[in-house]
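Here's the structure we're looking at; comments come further down.
The values are calculated or read from the model by the stated rules, or taken from the named source; none is laboratory data. Worth saying up front: this structure is predicted, and the values here are computed from it rather than measured. With ligands, DNA and RNA removed, areas are computed over all heavy atoms of the protein, side chains included. Shrake-Rupley method; radii C 1.70, N 1.55, O 1.52, S 1.80 Å.
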Amino acid sequence: MPRPPQRPSEAASGAAPGPSEAAQATLHCLTGCAIGEVLGMVIGTALGWGDVPTMVPAIALAFFFGYSLTLRGVLKAGVGFRTAFRVALAADTPSIAVMELIDNGVIALWPSAMEAHLDDLLFWGAPAISLVIAFVVTTPVNKWMIGRGKGHAVVHQYHH
């Protein structure tokens, strides 16, 4: 019996991406952002830096780890570094930017969150909650991008 034809990707067929595809792309972004954010906040807080000097490395590291996770997957597909880097930039920049804007905005506006120390529940709780909010806001952004063949729709071609 012949195998049924495989369904084309939603982005390639012009159909709207499903919520799980957008959520998966956002979760990928969230992972890199969370690693970078927490590492940057731990470094800045441990060194006694102020709000802005702590946020700068946290944001930079969020972009670094977000791009690194995508680069790793694309490079495993046998793509050269230059192409993989361009794919990571195109796929992740809007998603990471929105996630960082929301995440850091929530933390900056949360009373006492920026003054919390490593041994405070608020130090760990505020970023956790802000990342959940960022996930909720960023998922529709990724859905929109994937539906137009951009963002993680570009990365998916390298995962096969």
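General remarks:
- In the context of the full set of protein chains, residues of segment 71-119 present 56 Å² of accessible surface per residue (probe radius 1.4 Å, heavy atoms only).
- Shape of segment 19-105, Cα gyration tensor, a/c cut at 1.5: prolate
- Whole-number D in µm²/s for the chain (Stokes-Einstein; Kirkwood sum over Cα pairs; 25 °C, 0.890 mPa s): 148
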